[in-house]
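Asker: If you scroll down you'll find the structure; I have some questions about it.
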Amino acid sequence: MWSGRFREPLDPEFEQWQRSFAFDVRLLPDELAASRAWARALAKAGIFTTPELASVLQALDTIAAKAAPDATDFPGVEDVHQFVEQELVSLIGDTGYKLHAGRSRNEQISTDLRLYTRRSIDAILAAIAALASAFVAKAEQYKDDVMPSYTHLQRAEPVLVAHWLLAWVEMLLRDASRLTDCRRRVNVLPLGSGAIAGPGMELDRAAIAKELGFESISANSMDATSDRDFELEYLHALGSLALHLSRWAEEMALFSTVEYGFVQLPEPYSTGSSAMPQKKNPDALELLRGKAGRILGAATALQTVLKGLPLAYNKDLQEAQEPLFAATDSVLAALPIATGFMTAVALDTERMKKAAIAGFLNATAAARYLVKKGVPFRIAHSAVGQAVRLALEKKCELDGLKLEELKQFRAEFGRDFFASLKLESVLASHNVPGGTAPGRVRGALAEARRRITEIS
Ligand code: ARG
């Protein structure tokens, strides 16, 4: 490919070591698509005659139609770019070598990676939509059920189960929107940048962009051949997605313990223990939680590679590929597992309800009752705190206290206080957009369904 100015052959160990074909072979469809567009641009520029162009395009189609090559069968090939050229020349002879006119592998790899990242984003968005739909379906299944919510892992206030599940949907929708956003910056054509300064000929870059579906054309050839920001941004978006999946998996695992007993682990997504016969372990959840490590690691690996690189292309950039592929594979494999789990999981709504009506989850509502009677919030808070303490001593809930007992803390307590403590009134009191009042949650469910259809 470049041996003209060399007198000595490469050290064989180094030569093998510096190859990328073993992993960049997966960019073959992208390399072929970019090469087709490039061939057409070269024909327009007068490099290919019409019959030559036809034979190049036909040969590229022939290569595409073959089974994906196994890199180990091509020990002499350095990378996917060389592979295509070699195949082309073997099919049509020296005309194949013309395809590299004005083009550099520096911009080819950048173009291929952008095409790969773009198609990965599209696949991941579809998988996120499927997972978010599974959450919404579960929320609809349990739309009338209640559970405790937690802050500091201590019982806080009652919420609808659907409200809890929709919280996870919000995170997934944000992850999707980050990817959609990032897609715009991925979808820029580098081809036509040459090795660093430009192609050295007049070329219709707009036509190349159009053929490859790129929304815009890179504005600077030095930047275009060396930029991997798009990849970094994508990996960071995958990082927050993985982080959300990890947090969700942790919460589900916690809720599946006997201590909580809210989540019944679906057998198809659980495993037993070879030592302890009674065990049903949340392995699917644990692996989903654990995968976050390598996905977050991919972004870290990439930014460490990029840090300190002068303009423009440097071979270090070859190291930017494997973290990209690994994180993409990992996310694409994990999302359907999470979706399957979510579809299969059953909740113990009896236990959830029991937990929601015990342990003073209505104490905040009790303070709000006093506030409505004109008591300043801090003073209401302290009066209810005293009532809680008394109830703890008497081993009852707030509604187990007598009106006279309550009145010693604050004269504003009245008969209607007991109605305000009921689960239904507590939930109904959160009647704002984003709140857990049943009517609001019903609206949020419909809205979530609509927003999921907008993903992509
Ligand atoms: N395999 C290389 C990479 O992934 C392709 C670009 C090689 N360019 C070069 N000037 N050596 O980065």
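The values are calculated or read from the model by the stated rules, or taken from the named source; none is laboratory data. Keep in mind that what you see is a predicted model, and the values were worked out from it rather than measured. No Cβ is skipped: glycine too gets one built from the backbone with ideal geometry, and neighbour counts run over all protein chains shown. Note: areas computed on protein heavy atoms with side chains; ligands, DNA, RNA excluded. Shrake-Rupley method; radii C 1.70, N 1.55, O 1.52, S 1.80 Å.
Asker: Among the residues of segment 318-366, what is the count of those that are open to solvent by 30 Å² or more (accessible area, probe 1.4 Å) and among the β-branched types (Val, Ile, Thr)?
Answerer: 5
Asker: Something else about it: Does ASP175 count as in contact (Cβ under 8 Å) with a residue 12 or more places away in the chain, within 16 Å of the ligand (Cβ to nearest atom), on the phi < 0 side of the Ramachandran plot and open to solvent by less than 50 Å² (accessible area, probe 1.4 Å)?
Answerer: no
Asker: How about segment 299-310: which of its residues are within 16 Å of the ligand (Cβ to nearest atom) and either surrounded by 12 or more Cβ atoms within 10 Å (Cβ to Cβ) or at positive phi (or both)?
Answerer: ALA301, LEU302, VAL305, LEU306, LEU309, listed by residue number.
Asker: Now for a separate question. Of these, TYR313, TYR369, which one is buried (at least 18 other Cβ atoms within 10 Å of the Cβ) and not in a helix (DSSP H, G or I)?
Answerer: TYR313
Asker: Looking only at residues that are of a type outside the set (Asp, Glu) and either in contact with a Lys or Arg (Cβ under 7 Å, 6 or more places away or on another chain) or within 12 Å of the ligand (Cβ to nearest atom) (or both) in segment 76-99, which one is nearest to LEU28 (Cα to Cα)?
Answerer: VAL80
Asker: Checking VAL56 against (1) crowded, with 18+ Cβ neighbours inside 10 Å; (2) more than 16 Å from the ligand (Cβ to nearest atom); (3) assigned to a loop (DSSP other than H, G, I, E, B), only one condition comes out false. Which one?
Answerer: Answer for VAL56: the failing condition is (3).
Asker: Would you pick out the residues in segment 100-127 that are within 16 Å of the ligand (Cβ to nearest atom) and farther than 30 Å from VAL169 by Cα?
Answerer: Across segment 100-127, the qualifying residues are HIS100, GLY102, ARG103, SER104, ARG105, ASN106, GLU107, GLN108, ILE109, SER110, THR111, ASP112.
Asker: Of the conditions (1) within 30 Å of PHE135 (Cα to Cα); (2) among the hydrophobic types (A, V, I, L, M, F, W, C); (3) in contact (Cβ under 8 Å) with a residue 24 or more places away in the chain, VAL258 fails just one. Which one is it?
Answerer: (3)
Asker: Using beta carbons and a limit of 6 Å, which pairs, at least six apart or on different chains, have the first residue in segment 445-456 and under 15 Å from ALA167 (Cβ atoms) and the second one of a type in the set (Val, Ile, Thr) and open to solvent by less than 60 Å² (accessible area, probe 1.4 Å)?
Answerer: ALA448/VAL136; ALA448/VAL169
Asker: Kindly state which helices (runs of 4 or more DSSP H) lie completely within segment 408-456 and contain at least 1 residues that are under 19 Å from ARG174 (Cβ atoms). Give the derivation first.
Answerer: Numbers: elements: 417-420, 423-428, 438-453.
Per the criteria, 438-453.
Asker: Regarding ALA68, is this residue more than 18 Å from LYS315 (Cβ to Cβ) and either in a loop (DSSP other than H, G, I, E, B) or within 16 Å of the ligand (Cβ to nearest atom) (or both)?
Answerer: Yes; evaluated as a whole, the condition is true for this residue.
Asker: Restricting to segment 71-109, count the residues that are assigned to a helix (DSSP H, G or I), of a type in the set (Gly, Ala, Ser) and within 23 Å of ILE47 (Cα to Cα).
Answerer: Going through segment 71-109 one residue at a time, the tally reaches 3.
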